[in-house]
1. Name every residue in segment 51-82 that is in contact with a Pro (Cβ under 9 Å, 6 or more places away or on another chain) and more than 18 Å from Met36 (Cβ to Cβ), in order of residue number.
2. Quick check on my filter: what residues within segment 41-77 are aromatic (Phe, Trp, Tyr) and part of a helix (DSSP H, G or I)?
3. In segment 22-42, what residues are touching a strand residue (DSSP E or B) at 6+ places or on another chain (Cβ under 8 Å) and modelled with pLDDT of 85 or more?
4. Only residues in segment 45-59 that are among the aromatic types (Phe, Trp, Tyr) count as the first member; pair them with residues that are surrounded by 12 or more Cβ atoms within 10 Å (Cβ to Cβ) and assigned to a strand (DSSP E or B), Cβ under 9 angstrom, at least 6 apart or cross-chain, and list the lot.
5. If Asn45 satisfies every condition in (1) modelled with pLDDT under 95; (2) exposed (fewer than 11 other Cβ atoms within 10 Å of the Cβ) but one, which is the exception?
6. So Ala85 clears everything in (1) in a strand (DSSP E or B); (2) touching a Pro at 6+ places or on another chain (Cβ under 8 Å) except one condition, right? Which one?
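The values are calculated or read from the model by the stated rules, or taken from the named source; none is laboratory data. Just so it is clear, the model here is predicted, and its values are computed rather than measured. Cβ placement follows ideal geometry from the backbone for every residue including glycine, while neighbour counts extend to all protein chains displayed.
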Amino acid sequence: MFGGTRGKFNSEFRPSKRAPGAALANSTARGYTFRMVLASICEFNNAAPFKPYQIRMVSGESYDVPHPDFISISPKGTLVVLIDAEDRPHHLSTLLIESVSPRNGRHARKGRKRP
């Protein structure tokens, strides 16, 4: 009954012979590996005094981290959970983080403009 499709089925769904972690170890996004991104996030979180920073994704989205209490890294380092100013969680894949950089510290001035 299934004699004609059995060989085709097995060849299409045969498991890869690569090592399980090979895809993660070889993945890069603009020169950053996911371990470098994690190291950057840890470095920004442990800085004294803390300075807010920004996480930019490969899709172009960016997320601000105003304080180290707003971000958490999973034990394996594959997921970053960030809570935004409106108390919403964002689950970010480490492989899709493009860069981590200091946030522009300039705030809008309140009051009169100088003549």
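1. Matches in segment 51-82: Lys51, Pro52, Asp64, Pro66, His67, Val81, Leu82.
2. Scanning segment 41-77 gives Phe44, Phe70.
3. Matches in segment 22-42: Val37, Leu38, Ser40, Ile41, Cys42.
4. That search, which allows pairs on different chains as well, returns Tyr53/Asp64; Tyr53/Val65; Tyr53/Val100; Tyr53/Ser101.
5. With respect to (1) modelled with pLDDT under 95; (2) exposed (fewer than 11 other Cβ atoms within 10 Å of the Cβ), Asn45 is out only on (2).
6. The number of the failed condition is (1).
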